[in-house]
Amino acid sequence: MTAATADRAKLLAKRNRLEAWKRRLPLLPALLFTIVVTQVPFVLSLWYSFTEWRINPPSPRTFIGVDNYTGLVSNSFFRDAAFTTIFMTVASVLLSLLLGTGLALLLDRDFFGRGLARTLLITPFLIMPVVAGLVWKTQMFNSSFGVLNWILETLGFDSIEFVSRWPAGSIIVVLVWQWMPFMMLIVLAGLQGQDPSVLEAARVDGASSFSIFGQITLPQLRPYLELGTLLGTIYLIQVFDHVEVITGGGPGSTNIPYFVFQRSIGGGWRFGEASAFSIVVVVASIVIANLGLRVLSNLLEGEAP
Amino acid sequence: MSTERSQIVGQSRRSTIILGLAAWIAALLVFFPIFWMVLNGFKEEIDANSSPKLIFDPTSDRYTEVTTQTEGLLGFQEAFTNSFVIVAISTLLVLIMAIPAAYSLSIRPIAKWRDVLFFFISTKFLPIVAAILPLYIIGTRYGLTNSRIGLVILYTAMNLPLAVWMLRSFFSEVPKELVEAAQIDGAGIRGQITSVILPIVAPGIAATALLCVIFAWNEFFLAVQLNSVDGSTVPIWVSSNVSTRGNFLAKLSAASTLATLPVVIAGWAAQKRMIRGLAMGAIK
Amino acid sequence: MADVTYDGATRIYPGTEIAAVDSLDLDIADGEFLVLVGPSGSGKSTALRMLAGLEFIDGGSVSIGGRDVTLTPPQDRDIAMVFQNYALYPNMTVAANMGFALKQRGIEKEERARRVREAAKVLDLEEYLDRKPKNLSGGQRQRVAMGRAIVREPQVFLMDEPLSNLDAKLRVQTRTELAELQARLGVTTVYVTHDQVEAMTMGHRVAVLRDGKLQQVARPRDLYSTPANRFVAGFIGSPAMNLIDVDPGNGPLQLGTAPITGAPASGTAVGTVGVRPEHLRLGSTGINGRVTVIEELGSQAFVHVAIEHEGRDEVLVVRDEGETDIQRNDNVQVGILGPCHLFGTDGERIDQ
Ligand SMILES: Nc1ncnc2c1ncn2[C@@H]1O[C@H](COP(=O)(O)OP(=O)(O)OP(=O)(O)O)[C@@H](O)[C@H]1O
Ligand SMILES: [Mg+2]
């Protein structure tokens with residue numbers, strides 16, 4: 001009897017182990033792939049960051065400890081780049097969220113040709129960043145052939161070299177132009193997921209359009225706005241293409257991604273130092289990510305599949 | 001549904017017209033740069049490189065110019081072929097890995113599904129630029145730079161977390177009982193996925209695939225750092241039309257139009273799905 | 001067709017300490033209609049899902065037709081299940097929904113169509129065979145779910161509150177139809193409900209669960225007339241049995257001022273006295289009380305009477321056939337007509 005029970009317990013335990021692996025198995029390819037492709041480079045970066053390693057002029061890789069990091073603290077270019085990154089990310093995320101929400105609210109009502117208007121509005125998101133940057137730079141901002149300056153001149157103002165006058169601002173304009181549609185799509189999904197009966201009830205209770213928006217629509221949209229902020233931040237903090245084609249890293253527009261690039265394969269060829277920058281960026285990103293993930297865990301809160 | 005809702009919200013006819021008008025003005029303003037780009041692509045360089053004009057003699061010569069192969073330069077055909085192959089294969093790989101992963105995180109979840117999901121998303125916070133150095137070094141050593149394989153791997157890695165996240169959301173919208181019913185009806189794991197789950201989440205998969213295609217097709221940084229010689233993609237081809245000598249605006253516009261067309265058309269066709277896909281699933 | 005046996009079957013959900021179903025022992029005969037009933041969270045669904053193979057069995061065993069299926073996955077158990085929300089495949093037509101299981105078993109297309117048609121005829125679904133579930137009414141969906149189960153001709157039917165999404169009238173009608181269908185097909189059926197009327201009207205036998213533990217299995221009538229413990233006594237019957245705690249000390253057993261006959265032969269201490277409303281009568285003799293609520297149902301009324309019992313206030317619910325004209329706050333006398341149930345301090349029934 002006891003032997004039989006023990007056998008049975010073993011059998012059940014084996015089944016449980018098997019089940020656990022059956023559940024894990026489908027996950028493994030994605031997980032292993034992601035670990036290898038994303039984590040290995042960072043481990044290498046970490047190692048490089050403790051070395052002095054220049055390619056041009058070539059020098060052998062030597063271990064120098066934390067020198068790259070101490071040098072970094074006093075590097076004012078790095079500080080500027082960090083500031084530019086924060087400024088560009090915050091400004092473009094907030095502006096695109098704000099404008100995207102506005103557009104979504106407009107599109108949530110029925111009007112003539114709504115489908116076509118939405119189609120036009122989402123297009124910037126689909127455009128290649130390189131193309132977006134080039135088109136804005138050469139055909140909108142440009143002081144001689146740009147449409148913006150043509151408008152200014154027609155109105156009797158002097159033309160402005162937008163890109164050299166406001167390098168970061170110009171980049172932000174293009175970023176907002178591209179990401180606003182994305183935010184709009186997310187908010188639109190949120191609006192369409194609203195429960196009409198709640199709105200109806202509020203109407204019946206005599207609430208004004210404004211208070212309905214503030215007290216019912218906005219709270220319901222909150223998770224969508226958070227999602228937009230999160231995804232927007234993930235992508236916008238890493239902006240490189242726009243900087244490259246619009247200003248080429250001109251003053252006040254070099255963000256950290258671009259800075260690291262400049263210092264390494266973009267011409268600086270100081271791999272050790274650039275790696276140290278990267279690691280600092282990674283650490284900073286982890287801090288930001290933690291904040292972002294907190295938002296995420298709110299989104300997932302209470303959800304058990 | 002929306003007419004019903006606008007009635008509920010109690011719009012007057014006049015405000016409907018005014019707000020509709022506002023939406024249209026916004027749409028036209030937002031779309032204008034693209035319209036202008038397309039327009040410029042049909043101009044002579046001399047017309048494009050002057051004060052903006054709407055009236056001109058349209059010509060398709062710029063399209064001929066940018067699509068004809070010039071010796072020693074990256075050709076239109078080569079770039080598009082590279083892009084198509086790289087984007088298609090990487091998106092396919094993403095789906096092949098992300099669909100089972102999403103299943104493991106939602107329908108029959110592993111115990112720590114939340115942690116794993118966090119891990120996937122957290123990799124998106126790691127700046128690619130910080131990885132470019134080791135990637136460059138590894139890529140050069142193993143001959144993966146200037147080849148399609150390198151970019152396929154990187155684009156797969158780039159899109160995988162997002163895809164896993166989105167697909168998990170869609171999968172968790174599949175009622176658990178449905179999968180159980182299929183199980184009881186005698187369907188094995190393959191049968192459950194193909195007959196019950198996939199038909200339900202198909203729109204979500206389409207939306208996810210589309211996002212992956214958009215991000216991969218448009219990616220420039222990795223492409224230019226790792227594949228600027230061989231296996232170059234469309235974004236590099238576009239930027240190669242910028243020259244320091246002579247006028248290039250019309251040519252650049254034509255090239256830009258061609259480069260963006262495939263993704264723009266796909267995006268237009270799938271916009272409703274994207275709306276559902278981007279957020280409705282993503283939040284549940 | 002087959003009999004079903006739970007033998008000490010236990011389920012402890014991962015991450016929880018307490019067993020959701022605790023050492024369940026239950027024998028269900030071939031062709032029997034057994035109803036699992038109990039309050040929310042009592043483990044009814046879990047018990048059913050263990051039989052289906054949808055939940056792991058962490059101890060004991062379950063067998064179907066004499067075959068131990070404890071480690072068998074659901075696909076290989078030859079059972080059919082009707083879910084509360086029906087779980088119809090939204091992407092398939094009614095016919096495809098009903099034929100899905102046959103298809104999985106590799107049954108020929110013609111044979112499949114024939115059997116689906118046959119089942120559709122039984123359930124009056126023939127005209128809907130080409131529709132998608134979303135274009136059906138709730139009642140039709142319910143029938144499709146039933147149809148999906150019966151085409152399979154399985155060994156056992158499992159049903160988890162299959163009627164709870166129907167409106168009251170349809171529920172009563174479907175209840176009868178379902179019981180008839182089961183009798184005709186003669187397939188062993190395990191049916192979960194929290195509705196005791198369903199349980200009493202449909203089940204050949206009823207098993208009452210509470211906190212994962214089986215309280216009693218019996219024919220509906222026996223369950224009603226001889227509840228095994230205080231919990232079952234209070235759970236079965238509507239309105240519920242009057243259950244009054246008593247502490248007789250050394251004196252005689254009393255309800256208010258009325259003596260209770262048939263005190264236990266043994267010296268077991270009585271903890272609770274139970275008496276059903278129909279065994280109480282308003283009259284000119286009995287326990288003094290005051291009417292607090294009158295629930296008028298037409299043919300009868302349930303009168304709540306506040307009485308004093310062992311120095312505290314208690315309420316007795318009394319069935320009144322409508323012969324007396326009473327008002328709220330009237331002073332009345334409650335007489336005991338029928339048998340009283342006695343339960344020990346541990347809640348177990350004390351046989352008289
Ligand atoms: N997946 C699960 N994980 C952990 N605990 C669970 C799970 N499913 C059910 N439980 C717990 O097991 C117990 C029994 O649940 P079960 O669903 O069987 O109850 P039930 O009798 O069917 O109730 P209801 O009438 O509400 O459907 C409950 O306490 C419940 O909280
Ligand atoms: Mg239940």
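If I filter the stretch B:110-168 down to residues being open to solvent by less than 30 Å² (accessible area, probe 1.4 Å), farther than 13 Å from B:Leu226 by Cβ and of a type in the set (Ser, Thr, Tyr), which single residue comes out as nearest to the chain's Cα centre (by Cα)? For the stretch B:110-168, the residue satisfying everything is B:Thr156. Out of C:Leu223, C:Leu243, one residue alone is in a strand (DSSP E or B) and surrounded by 15 or more Cβ atoms within 10 Å (Cβ to Cβ). It is C:Leu243. Of the residues in the stretch A:232-254, not one is over 16 Å from A:Ala81 (Cα atoms) and without any contact (Cβ under 8 Å) to a residue 40 or more places away in the chain.
If you filter the stretch C:148-194 down to residues that are in a loop (DSSP other than H, G, I, E, B) and without any contact (Cβ under 8 Å) to a residue 60 or more places away in the chain, you find that the one that is nearest to ligand 2 (Cβ to nearest atom) is C:Leu163. Among the residues of the stretch A:267-292, those identified as among the β-branched types (Val, Ile, Thr) and touching a residue at least 40 places away in the same chain (Cβ under 8 Å) are A:Ile279, A:Val280, A:Val282, A:Ile288. Please state which one of C:Val35, C:Val82 is in contact with a strand residue (DSSP E or B) (Cβ under 8 Å, 6 or more places away or on another chain), more than 10 Å from ligand 1 (Cβ to nearest atom), of a type in the set (Val, Ile, Thr) and away from chain B (no Cβ under 14 Å). None of the others qualify; the one that does is C:Val35. Of the residues C:Leu24, C:Leu48, C:Leu54, the single one that is within 11 Å of ligand 1 (Cβ to nearest atom), open to solvent by less than 40 Å² (accessible area, probe 1.4 Å) and not in a loop (DSSP other than H, G, I, E, B) is C:Leu48. Among residues of the stretch B:29-44 that are more than 8 Å from every other protein chain (Cβ to nearest Cβ) and touching a residue at least 60 places away in the same chain (Cβ under 8 Å), those with a beta-carbon under 8 Å from a residue that is of a type in the set (Asp, Glu) and outside any helix (DSSP H, G or I) at least six positions away or on a different chain give the pairs B:Glu44/B:Asp57. Whenever a residue of the stretch C:39-53 is of a type in the set (Lys, Arg), its partners that are within 6 Å of ligand 1 (Cβ to nearest atom), lying with C-beta atoms within less than 6 angstrom and at least six residues away or across chains, give the pairs C:Lys44/C:Gly38. Of all residues in the stretch C:216-235, those being touching a residue at least 60 places away in the same chain (Cβ under 8 Å) and in contact with a Leu (Cβ under 9 Å, 6 or more places away or on another chain) number 3. Restricted to the stretch A:186-214, and to residues there that are under 29 Å from the mean Cα position of the chain (by Cα) and among the polar types (S, T, N, Q), the residue that is least open to solvent (accessible area, probe 1.4 Å) is A:Gln194.
Residues of the stretch A:218-248 that are more than 19 Å from the chain's Cα centre (by Cα) and surrounded by fewer than 21 Cβ atoms within 10 Å (Cβ to Cβ): A:Leu218, A:Pro219, A:Gln220, A:Gly248. Screening the candidates B:Pro52, B:Pro100, B:Pro58, B:Pro109 for the property of being within 30 Å of B:Trp237 (Cα to Cα), within 7 Å of another protein chain (Cβ to nearest Cβ) and not charged (D, E, K, R) yields one hit, B:Pro52. C:Glu198 meets all of the listed conditions (1) under 27 Å from C:Gly271 (Cβ atoms); (2) within 16 Å of ligand 2 (Cβ to nearest atom); (3) open to solvent by less than 10 Å² (accessible area, probe 1.4 Å); (4) modelled with pLDDT under 95 but one, namely (1).
The values are calculated or read from the model by the stated rules, or taken from the named source; none is laboratory data. For clarity, every value in this text was computed on a predicted model and none was experimentally measured. Cβ sites come from the backbone with ideal geometry, for glycine too, and all protein chains shown count toward neighbours. Please note that ligands, DNA and RNA were not included when accessible areas were found on the heavy atoms of the full protein model with its side chains. Shrake-Rupley method; radii C 1.70, N 1.55, O 1.52, S 1.80 Å.
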